[in-house]
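The values are calculated or read from the model by the stated rules, or taken from the named source; none is laboratory data. Just so you know, these numbers come straight off a predicted model, no measurement behind them. Because the Cβ atoms are built from the backbone with ideal geometry, glycine has one as well, and the counts that use them run over all protein chains shown. Calculation scope for accessible area: heavy atoms of the full protein, side chains included, ligands and nucleic acids excluded. Shrake-Rupley method; radii C 1.70, N 1.55, O 1.52, S 1.80 Å.
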Amino acid sequence: MNVLGINSVYHESAAALLVDGKLVAAAEEERFNRIKHGKQADFDNPHQLPERAIRYCLNQGKLTAADIDHFAYSFDPKVRRKRYRPEWWDPRNEETFRLRLGQVPAAIEDLLGRSIGHRLHFVSHHLAHAASAYFPSGFDRAAVLTIDGIGETAGSSLAKAVDTRIQTVETFEYPHSIGFLWEIFSGYLGFSHYDASKVMGLAAYGDPEVFRQQFLSIMRADEVNYGVAREYLGVHPDRFARMEAIFGPPREEHDEILPRHADMAAALQAATDAAVMAAVRRVKRRVPFDNLCLAGGVALNCVTNEVVRRSGEFSNVFIPSAPHDAGTAIGAAFVVHCAKQKRPPQRGNSTPYLGPAFTRRDILAAVKSAGLRARRSRSPARQAAEMIADGRIVAWFQGRMEFGPRALGNRSLLADPRRPDMRDILNQKVKHREDFRPFAPSVLAEYADQWFEVGEHCASHEFMLFACGVKPDRRDLIPAVLHRDGSARVQIVSRKSNPRFHELISCFFADTGVPLVVNTSFNDSEPIVCTPTDAIVTFRKSGIDALFMDDLFLTARP
Ligand SMILES: [Fe+2]
């Protein structure tokens, strides 16, 4: 049985394919259409499908449109209709949204050139999030916590998963949305609504005490309460008014970043840690298992994730590589598989390497059409490691593209973590990011504990989802990946999960005695590269020193 999962209701449009319960492909539309997040979240476009991601999934599964038995869409219009309140936002927008959702079946039929009849299933958004974490976790039972901007109408959901059943035990409806609060604060601090990661980076420079009291009135989270105050949120134009009264005028995009901006970010981070921990304790009381799965965009907050992991409320914590909306394409497909099949789906396959790979012939063709000549390396890992140790920025393009927002060694830019100036060099030559944003390390699994306070290793450590402390005696040795608060957003690399990347870091370790490299996504203010041509374009327009694709490499002219 073939199930195609689709997410396009808001943003992070994506598709995923399950063949007999086995996840064979998943990809985000932004990698193909080269528009960040695939599309804007808008009332007017939930029928705008991730067309190229869908085509990729079919190709990867060697299937045609006629082979798809079921389609799973990660949003349920019926649930929305039942729970929507007209006072929340303009009913005309809601009407448009419903009309567009009604066009989803026709959009699929147009795209695939076939009728789909009753084969399309609308899956509740938070159920899809929960499934995207639970089935890959490999747990046979777990508490599941989903926290995002909004599902149909809920901002957080608590669920109990046993065998193949996921049952919602409690939901917190709009406006109780931590995800929205981050979007609004991102805007207020002069970033785009999608720039929660910038706010997170900035938080390390602020003092959470300065605005702690103010945040107590914005986010309530304790034994009894869990919620966000309505006045700060919502889809209405004067949403900054209340914040302005408390925090002063919003920052404009090119304004200087002041200490009060960092203090606000720090207070938001601290309030989020407390709120998520309140939700974690709450779900533990309702579902007293040892295992916790986290999903939803808020589960990309690596600082909060570490607080949850260290709390010990649950012995085991799993977060998928794509906890944000893209992951719901996978989750919706799992839910439909379980509903239609007596057999359970494959569990415990959490690999993020679910995107397209390219053959040597594809790579050579891309190099040739760019008018370049690639050289062959006898040992790409060794050669790349030597260049990195020599201070070069190396683009490492290997195997299948990652699913999720982090580059995990297959579409990565790599650099030397020992150099204090490497952050500036990366920013000047390629990334053009704000200087308060940290770069992350990828460390050999065998040595992770000697360098970082990782605790017990878990599968999600391979997805760069936890901000761990750097061991105090190692901090001076790796300034390029050390964040202001002494932490680093570590990716643990095992030989099993990514042998080529593991080999490269091993070579770097042999040369330098340091078992880690700087790993940042292979892009420059654009979606992460997907194809060899994307890689060559970004390589040429930026200051990357060398590009390795399989055993072929290009070097920049001096
Ligand atoms: Fe979501």
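Given the criteria over 24 Å from Asn33 (Cα atoms) and either free of Cβ contacts under 8 Å to residues at least 60 places away in the same chain or buried (at least 21 other Cβ atoms within 10 Å of the Cβ) (or both), does Pro532 qualify? Give the steps one after another, and end with the answer.
Working: over 24 Å from Asn33 (Cα atoms): no; either free of Cβ contacts under 8 Å to residues at least 60 places away in the same chain or buried (at least 21 other Cβ atoms within 10 Å of the Cβ) (or both): yes.
Criteria not met by Pro532.
Output the residue which, of all residues in the range 20-29 that are open to solvent by less than 40 Å² (accessible area, probe 1.4 Å) and more than 16 Å from the ligand (Cβ to nearest atom), is nearest to Asp534 (Cα to Cα).
Within the range 20-29, the subset open to solvent by less than 40 Å² (accessible area, probe 1.4 Å) is 21, 23-29.
Pick out the ones that are also more than 16 Å from the ligand (Cβ to nearest atom) and you get 21, 23-25, 27.
Working: Gly21: 32, Leu23: 26, Val24: 23, Ala25: 20, Ala27: 16 Å.
Selected residue: Ala27.
Residues that are of a type in the set (Gly, Ala, Ser) and crowded, with 21+ Cβ neighbours inside 10 Å within the range 482-529 comprise Ser487, Ala488, listed in sequence order.
Restricting attention to the range 246-264, which residues are within 19 Å of Arg220 (Cβ to Cβ) and open to solvent by 20 Å² or more (accessible area, probe 1.4 Å)? Working first, answer last.
Taking the range 246-264 first, the residues within 19 Å of Arg220 (Cβ to Cβ) are 246-247, 264.
Within the range 246-264, just Ile246 meets the criteria.
In the range 137-195, counting only strands (runs of 3 or more DSSP E) that sit wholly within it, the ones holding 2 or more residues that are charged (D, E, K, R) and touching a residue at least 40 places away in the same chain (Cβ under 8 Å) span 165-173. Condition test on Ala107, is it within 25 Å of the chain's Cα centre (by Cα), outside any loop (DSSP other than H, G, I, E, B) and touching a residue at least 12 places away in the same chain (Cβ under 8 Å)? For Ala107, the condition - within 25 Å of the chain's Cα centre (by Cα), outside any loop (DSSP other than H, G, I, E, B) and touching a residue at least 12 places away in the same chain (Cβ under 8 Å) - is not met. Scan the range 53-67 and give yes if some residue there is in a loop (DSSP other than H, G, I, E, B), among the aliphatic types (A, V, I, L, M) and surrounded by fewer than 18 Cβ atoms within 10 Å (Cβ to Cβ), otherwise no. Taking every residue of the range 53-67 in turn, at least one turns out to be in a loop (DSSP other than H, G, I, E, B), among the aliphatic types (A, V, I, L, M) and surrounded by fewer than 18 Cβ atoms within 10 Å (Cβ to Cβ). Hey, among the residues in the range 502-550 that are over 19 Å from Val481 (Cβ atoms) and assigned to a strand (DSSP E or B), which one's farthest from the chain's Cα centre (by Cα)? Residue satisfying both the conditions and the ranking: Ala546. When Ala106 is tested against (1) open to solvent by less than 10 Å² (accessible area, probe 1.4 Å); (2) more than 13 Å from the ligand (Cβ to nearest atom); (3) of a type in the set (A, V, I, L, M, F, W, C), just one condition goes unmet, and that condition is (1). Taking the residues in the range 465-481 that are assigned to a helix (DSSP H, G or I) and touching a Lys or Arg at 6+ places or on another chain (Cβ under 8 Å) as candidates, determine which candidate is least open to solvent (accessible area, probe 1.4 Å). Ranking the qualifying residues of the range 465-481, first place goes to Ala480.
Among Leu111, Leu101, which is within 16 Å of the ligand (Cβ to nearest atom), open to solvent by less than 40 Å² (accessible area, probe 1.4 Å) and either aliphatic (A, V, I, L, M) or farther than 26 Å from Asp42 by Cβ (or both)?
Numbers: Leu111 fails: within 16 Å of the ligand (Cβ to nearest atom).
Checking each option against the conditions leaves just Leu101.
Within this structure, Ser460 fails the test of being out of contact with any Phe, Trp or Tyr (no Cβ under 8 Å at 6 or more places or on another chain), among the small types (Gly, Ala, Ser) and not in a strand (DSSP E or B).
For the condition over 23 Å from Ala299 (Cα atoms), away from the ligand (no atom under 16 Å from the Cβ), crowded, with 19+ Cβ neighbours inside 10 Å and not aromatic (Phe, Trp, Tyr), what is the one hit in Met200, Met243? Walk me through it before giving the result.
Values: Met200 fails: over 23 Å from Ala299 (Cα atoms).
Answer to the selection: Met243.
Condition (residue is within 16 Å of the ligand (Cβ to nearest atom) and closer than 15 Å to Ala326 by Cα) applied to the range 65-72: is it met by at least one residue? Yes, some residue in the range 65-72 is within 16 Å of the ligand (Cβ to nearest atom) and closer than 15 Å to Ala326 by Cα. Set side by side, the residues Leu408, Leu372 differ, and just one is crowded, with 23+ Cβ neighbours inside 10 Å, of a type outside the set (Ser, Thr, Tyr) and on the phi < 0 side of the Ramachandran plot, which is Leu408.
Of all residues in the range 286-341, exactly one satisfies the criterion of being open to solvent by 20 Å² or more (accessible area, probe 1.4 Å), within 16 Å of the ligand (Cβ to nearest atom) and closer than 15 Å to Ile166 by Cβ, namely Val335.
For the range 342-364, the candidate set comprises residues that are among the hydrophobic types (A, V, I, L, M, F, W, C) and assigned to a helix (DSSP H, G or I); within that set, the residue that is nearest to the ligand (Cβ to nearest atom) is Ile363. Among the residues of the range 265-280, those that are crowded, with 21+ Cβ neighbours inside 10 Å, within 13 Å of Asn305 (Cα to Cα) and in contact with a strand residue (DSSP E or B) (Cβ under 8 Å, 6 or more places away or on another chain) comprise Thr272, Ala275, Val276, Ala279, Val280.
For the range 360-413, a residue qualifies if it is within 25 Å of Ser13 (Cα to Cα) and among the hydrophobic types (A, V, I, L, M, F, W, C), and the qualifying residues are Phe397, Met401, Phe403, Ala407, Leu408, Leu413. I need the full set of residues from the range 142-195 which are among the aromatic types (Phe, Trp, Tyr), within 13 Å of the ligand (Cβ to nearest atom) and more than 30 Å from Glu434 (Cβ to Cβ), in order please. Tyr174, the sole residue that qualifies.
So which residues in the range 117-137 are open to solvent by 40 Å² or more (accessible area, probe 1.4 Å) and either within 12 Å of the ligand (Cβ to nearest atom) or under 21 Å from Pro352 (Cα atoms) (or both)? It would help to see each step written out before you state the result.
First, the residues of the range 117-137 that are open to solvent by 40 Å² or more (accessible area, probe 1.4 Å): 117-119, 122, 127.
The answer is Leu127, and nothing else.
Residues that are polar (S, T, N, Q), in a helix (DSSP H, G or I) and within 18 Å of the chain's Cα centre (by Cα) within the range 284-333 comprise Thr304, Asn305, Thr328, listed in sequence order.
Considering Glu462, Glu453, which residue is of a type in the set (Asp, Glu), open to solvent by 40 Å² or more (accessible area, probe 1.4 Å), under 30 Å from Ala53 (Cα atoms) and within 25 Å of the chain's Cα centre (by Cα)?
Numbers: Glu453 fails: under 30 Å from Ala53 (Cα atoms).
That would be Glu462, the only listed residue that is of a type in the set (Asp, Glu), open to solvent by 40 Å² or more (accessible area, probe 1.4 Å), under 30 Å from Ala53 (Cα atoms) and within 25 Å of the chain's Cα centre (by Cα).
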